[in-house]
Amino acid sequence: MEWSAGWFVAIFLGGALTGYLTALWRPRQVRRELPTEQLKHRLQLLFDSYANESMDKFVQTLEVSPQTLPLHLAVGRQFRQQGEVDKAILVHQNLLSHPQLSDAESEPIVFELAQDYYKAGLYDRAETLWLELAKSPRHGEHSLRQLLAIYEQEKDWIKAIATAECAPYSKRDELSLRLAHYYCERAEELKAQGDSLSAQHHFHLALKEDARCVRACLALALLHLERQDYAAALVEIERAAIEPALIPLLLPLLSACLEHPASQARASTVLQDWSMRYALPALHAMCWRRAVAADLEPSRIVELEQQLSASVQRQPSAAAFVFLMQETELYQHRCSPNMLKAGLLDYLNLQAREQSRYLCKSCGFTGSQLFWHCPSCHRWQTVKPPPFVLPAVTPQHVNTETR
């Protein structure tokens, strides 16, 4: 019988690692595990030191028992982290085929196998396994979170809502923001299907889950404006003003309310209140433009112009300077002289397009449109608008498209 060099290596590895495992045990057979990082480091050394063929033979020859289970799991995990998902799947499937393991010992194997399937893009298989573990005291919470990741990838918001609602109440606070956006995603689907009443109901469910869900407030305000219910729209607009960075998203809706006689007085009060509370150039620009268009007293226009200039100096941007130049040209008879030159307009317009990008405060992702679900870090409601955006006066120009 001839023995290849690979088999000698496998036997050597088997003996060495069996001795290593024996050293992890106390006299009473109570296992003493190495710290996770130390075990991971030693496994990495083994993977780096020996060829893949030798490691494969070692895994095939190593006995499967409750004592060797942690090593099998660690080896499979190492295969997955190195991108060899097919080998990780084989390791974990081989473990599950051994009947001597109890249900409690099988749970971590099932969880690891589900992660293998997820890494390989086999979402349906991963979903089946994580659903089996959903009520497990040890792996239930992690399985629910992984299921949510699958449903977000597949945009299956019905399943995402049902899964998030099954979370223990002690964990619901952590999921409230995600669940609120799931309701919003489902509402957008219903709205696209022409079912605005059901869409409105889901937006209200989102606010019930998370009262600070700006997305739901914006969507409800748009629905009310489409029905010309300006009073109800203003309620949602005011509720959405929870932080200064989000005010630019609300200005087109507020502009629509300012144009309607029934809501003009209340909308003007809201605009004045915001301009005093938030030092935002876009707010001061809107106040100044309305004052000039209404031909108010020169002293009032000068006061508003000074506020606008001060806020632009605090938060300078090309878009702000473009606005100032355009408005100066439009209202020359009511504007004080300024040093801006019309020859800079093309350059400033170019810079304005570069600066008018939405930014994720979590990971730094930038884009030309608003994403409620960041495509980069996959967190919800972390993408914020640029500091100066003067939107059109009609709500149809608001881009709240999600991907």
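The values are calculated or read from the model by the stated rules, or taken from the named source; none is laboratory data. Predicted, not measured: the structure shown is a model, and the values here were computed from it. Here the Cβ is made from the backbone with ideal geometry for all residues, glycine too, and neighbour counts use every protein chain on show. SASA here: full protein model, heavy atoms, side chains in, ligands and nucleic acids out. Shrake-Rupley method; radii C 1.70, N 1.55, O 1.52, S 1.80 Å.
Just checking, how many residues over segment 228-242 are open to solvent by 60 Å² or more (accessible area, probe 1.4 Å) and at negative phi? Residues in segment 228-242 being open to solvent by 60 Å² or more (accessible area, probe 1.4 Å) and at negative phi: 5 in total. Could you check how many residues of segment 130-163 are within 29 Å of ALA187 (Cα to Cα) and open to solvent by less than 60 Å² (accessible area, probe 1.4 Å)? The total comes to 18. Within segment 262-286, residues that are at pLDDT below 85 reach partners that are open to solvent by less than 10 Å² (accessible area, probe 1.4 Å) with beta carbons closer than 8 Å, at six or more positions or on different chains, in the pairs ALA279/SER311.
Test ALA294 against the stated conditions and say whether it is at pLDDT 85 or above and under 26 Å from MET325 (Cβ atoms).
For ALA294, the condition - at pLDDT 85 or above and under 26 Å from MET325 (Cβ atoms) - is not met.
A search for C-beta distances below 6 Å between a residue of segment 96-122 that is touching a residue at least 12 places away in the same chain (Cβ under 8 Å) and any residue that is part of a helix (DSSP H, G or I) and surrounded by fewer than 17 Cβ atoms within 10 Å (Cβ to Cβ), counting only pairs 6+ apart in sequence or on different chains, returns ILE109/LEU96; TYR117/ARG125. All conditions in (1) out of contact with any strand residue (DSSP E or B) (no Cβ under 7 Å at 6 or more places or on another chain); (2) small (Gly, Ala, Ser); (3) modelled with pLDDT of 80 or more; (4) open to solvent by less than 40 Å² (accessible area, probe 1.4 Å) hold for GLY367, with the sole exception of (1).
Can we say ALA164 is touching a Leu at 6+ places or on another chain (Cβ under 8 Å) and either on the phi > 0 side of the Ramachandran plot or assigned to a loop (DSSP other than H, G, I, E, B) (or both)? No: the conditions fail for ALA164.
Looking at TYR123, TYR151 in this structure, which one is over 22 Å from GLU174 (Cβ atoms) and of a type outside the set (S, T, N, Q)? Talk me through it step by step, then tell me what you get.
Working: TYR151 fails: over 22 Å from GLU174 (Cβ atoms).
Result of the check over TYR123, TYR151: TYR123.
Restricted to segment 246-291, and to residues there that are surrounded by 18 or more Cβ atoms within 10 Å (Cβ to Cβ) and among the β-branched types (Val, Ile, Thr), the residue that is nearest to the chain's Cα centre (by Cα) is ILE247. In segment 207-227, the residues that are within 19 Å of ARG172 (Cβ to Cβ) and open to solvent by 10 Å² or more (accessible area, probe 1.4 Å) form Cβ pairs under 6 Å with partners that are part of a helix (DSSP H, G or I) and hydrophobic (A, V, I, L, M, F, W, C), at six or more places apart or across chains, as follows: LEU207/ALA216; GLU209/LEU179; GLU209/ALA180; ASP210/LEU177; ASP210/ALA180. Out of (1) closer than 28 Å to MET325 by Cα; (2) in contact (Cβ under 8 Å) with a residue 24 or more places away in the chain, what's the single condition that is false for ALA241? Result: ALA241 passes all but (1).
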